[in-house]
1. Among the listed residues Lys205, Lys197, which satisfies the condition of being within 30 Å of Ser99 (Cα to Cα), in contact (Cβ under 8 Å) with a residue 40 or more places away in the chain and basic (Lys, Arg)?
2. Just to be sure I understand the filter: pairs with C-beta atoms under 9 Å, separated by 6 or more residues or on different chains, first member in segment 130-157 and under 19 Å from Ile108 (Cα atoms), second member open to solvent by 50 Å² or more (accessible area, probe 1.4 Å) and part of a strand (DSSP E or B). Which pairs pass?
3. Kindly indicate whether Glu140 is of a type in the set (D, E, K, R), open to solvent by 60 Å² or more (accessible area, probe 1.4 Å) and outside any strand (DSSP E or B).
4. Quick check on Ala126: is it open to solvent by less than 50 Å² (accessible area, probe 1.4 Å) and modelled with pLDDT of 95 or more?
5. Open to solvent by less than 80 Å² (accessible area, probe 1.4 Å) and over 30 Å from Ala105 (Cβ atoms) - does that describe any residue in segment 196-213?
Amino acid sequence: MNTYTIDLSLRPTTFDLWHVCLAGTAALLALILIVVLVSVLLGMRRCKSAAPAVVAVAPQPEIKIVEKIVEVEKIVQAPTPEPVVLKETTPDAALQLLSLLQKEARFIDFIKEDVSAFSDAEIGAAARVVHQGCSKAVSEHFTLAPVSNDPEGNRVTLNKGFDAASFRLTGNIVGEAPFTGTLVHKGWQVTELRLPKLTEGHNAKIVAPAEVEL
């Protein structure tokens, strides 16, 4: 088997036409390769400059508005009842009336007397005197009239809004007005008052002064 050894350090000593053509062809191919590479590079640069820049945009989070319905329990306080205003009255008028009954009918003496030791006839006679004196005192200083003009025992009807101070209901009270019932008592009301005037410094608590006979 023949073995060929190529010495790369050797230089050709002669250049013929064949070698000239081969060298020209190699140079032409190298030039063509360089031109192709330059064209490719220029084309790639143009493509990069012409292509729109694509910016990666991070996806925005979707915001959902959730309407939360909150049930609120409203506590309504009951209206505060109006305070009851009590009218203050001086005791002078009551003491004055008690003094008039004592003066005309010996009313206090009668009710303070122990009547258990007296007979019915004796009590009846004393009650007659007291009755006459009380009737005189009341008639002289008061004008009285019945609350209801219907005869006692008649059926009457009290409509809604009737004056509860003028009519007092008794018995089985069910529901709301109107109420129908029997007039048991016609009631009384004062239409005129004529109490005597008191002098300044008068002690109204002395309804009956002690009596001293000289």
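1. Residue meeting the stated conditions: Lys205.
2. Val138/Leu144; His141/Leu193
3. Against the criterion (of a type in the set (D, E, K, R), open to solvent by 60 Å² or more (accessible area, probe 1.4 Å) and outside any strand (DSSP E or B)), Glu140 qualifies.
4. Criteria not met by Ala126.
5. No, segment 196-213 contains no residue that is open to solvent by less than 80 Å² (accessible area, probe 1.4 Å) and over 30 Å from Ala105 (Cβ atoms).
The values are calculated or read from the model by the stated rules, or taken from the named source; none is laboratory data. Keep in mind that what you see is a predicted model, and the values were worked out from it rather than measured. Heads up, the Cβs are rebuilt from the backbone with ideal geometry, glycines too, and the neighbour counts pull from every protein chain shown. In case anyone asks, the SASA skips ligands and DNA or RNA and just uses the protein heavy atoms, side chains included. Shrake-Rupley method; radii C 1.70, N 1.55, O 1.52, S 1.80 Å.
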